[in-house]
Amino acid sequence: MYSDWMFILIIIAFIFSLWAQFRVKGTFNKWAKVENSTGMTGYDAARHMLDANGLHDVPIEPVPGTLSDHYDPTKRVVRLSEPVYYERTISAVSVACHEVGHAIQHAEHYPMLVARHKMFPVVNFASGIAPFLLIAGFLFQAMNLVGLGIIFFSCAVAFQLVTLPVEFNASNRARQLMVQEGYIANDEERGVAKVLNAAALTYVAAALISLLELIRYIMIFTSNRE
């Protein structure tokens, strides 16, 4: 009975995840049609923000695709999708400054970012092997394999939970610095907030789905051990 309710909750969370993905694309596209008052491109805003925080040696590179923006901590480079890199819109400067927020976190050794980096090698292995252990365990009724799969899967869930404060902190840094440095006018802050909040929802949805799946696996595991 409990597992049935948990399955329903996972379906609801999955629908929420789909809605969050559509919303982030829709919000980005909406504010990608609104030029910012300073005339700065995403590259301009990112470069200014990096330099203002002493990160002159962190390069910015354009990459193909849409919403493919990210900060690479291994090479210390900010990569911006071409629409963000070249355009002068609210969406462009919002996303660009968010990625710079991660570069600033890295430079300041933000604790949750440091924790995420240390977890990554373990999580990379654990998330790859967990599905096979869980499938094999349930298929052959081998609860020991299921238990091991749950342990590995919990590593991936922990990584997603740690990612949440990292993303929210980067967005908060971006918004504060954009206003402080004059990259946007006060009346444009609403648009920036909508773009960044929509992006944050996708991380919340992914973490929620994974957490509910983990709880469901644990409930099935404990019920079969009784």
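Things worth noting here:
- Listed candidates [x] 63, 37, 33; [y] 64, 33, 28; [z] 61, 33, 30 - label of the one calculated as Cα extents along the principal axes in Å: [y]
- Accessible surface for the stretch 1-141, divided over its residues, is 56 Å² per residue with a 1.4 Å probe.
- Shape call, the stretch 90-175: gyration tensor on alpha carbons, a/c limit 1.5: prolate
- Helix axis angle, 143-180 relative to the chain longest principal axis, alpha carbon, degrees: 20
- Degrees between helix 42-52 axis and first principal axis of the chain (Cα, 0 to 90, nearest 10): 90
- Per residue, the chain reaches -26500 deg cm²/dmol at 222 nm when only DSSP H runs of four or more residues are counted, each adding -39500 (n - 2.57).
- For the chain: lysine pairs under 17 Å (alpha-carbon distance), excluding those fewer than 8 apart on one chain: 5
- To put it simply, the accessible area of the stretch 96-144 at a 1.4 Å probe is 72 percent carbon and sulfur.
- Accessible area of the stretch 1-83 belonging to carbon and sulfur atoms, whole % at 1.4 Å probe: 62
- The angle separating the long axis of helix 90-108 from the principal Cα axis of greatest extent in the chain is about 70 degrees.
- Protein accessible area in the stretch 145-194, 1.4 Å probe - carbon and sulfur %: 58
- Taking a ≥ b ≥ c as the square roots of the eigenvalues of the Cα gyration tensor, the stretch 1-135 is classed as oblate, since a/c reaches at least 1.5 and a/b does not exceed b/c.
The values are calculated or read from the model by the stated rules, or taken from the named source; none is laboratory data. Here the structure is a predicted model, which is why all the values come from computation and not from measurement. What goes into the accessible areas is simple: the full protein's heavy atoms, side chains included, and nothing from ligands, DNA or RNA. Shrake-Rupley method; radii C 1.70, N 1.55, O 1.52, S 1.80 Å.
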